[in-house]
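**Q** Supplied in structure tokens, the structure appears directly below.
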């Protein structure tokens, strides 16, 4: 379900500094479970820097000893900067947790009781206050049909329509 964007692969060759500033959000409709499954991948260093500017306490997303205390901080930030509207109705993201994957932090969410998806509106401004060159890549998959969009700061809204005949 989760495919890597080429920028994350580049970090292995370029060290801890990366040439572009991007987050990748994957949204997939699980028909059998009647849910939307959402993941957001953000470079760890950029995410920690952003969170440190907003919180006075220690921010360390890689330290397993403090992960429990990091969960609400990660969730709060993502919830404020990623909003979904499905079929014209705002939906609530349920936080499932986060983990480190290569150079990034991936947070996982779910939206329950989504029987059918015709339109998904995504409002996404993750890390916009930290980096003016931040971009957002979004992939939305419904009934096996995948659509993608890119937002460059300050643009923060993308729409995806499914099932409509051209």
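**Q** More than 16 Å from the chain's Cα centre (by Cα), surrounded by fewer than 13 Cβ atoms within 10 Å (Cβ to Cβ) and more than 30 Å from residue 145 (Cβ to Cβ) - does that describe any residue in segment 29-44?
**A** No, segment 29-44 contains no residue that is more than 16 Å from the chain's Cα centre (by Cα), surrounded by fewer than 13 Cβ atoms within 10 Å (Cβ to Cβ) and more than 30 Å from residue 145 (Cβ to Cβ).
**Q** May I ask you to list the residues in segment 108-123 that are loosely packed, with under 13 Cβ neighbours inside 10 Å and part of a loop (DSSP other than H, G, I, E, B)?
**A** Scanning segment 108-123 gives 113, 115.
**Q** Which of the residues spanning segment 124-166 are in contact with a strand residue (DSSP E or B) (Cβ under 6 Å, 6 or more places away or on another chain), buried (at least 19 other Cβ atoms within 10 Å of the Cβ) and in a loop (DSSP other than H, G, I, E, B)?
**A** 126
**Q** While we're on this one: With the structure loaded, tell me whether residue 96 is at pLDDT 95 or above, within 23 Å of residue 49 (Cα to Cα) and buried (at least 18 other Cβ atoms within 10 Å of the Cβ) or whether it fails that test.
**A** Judged against the criteria, residue 96 is not a match.
The values are calculated or read from the model by the stated rules, or taken from the named source; none is laboratory data. Predicted model only: the values in this text are computed from it and were never measured. Glycine also receives a Cβ, built like all others from the backbone with ideal geometry; neighbour counts cover every protein chain displayed.
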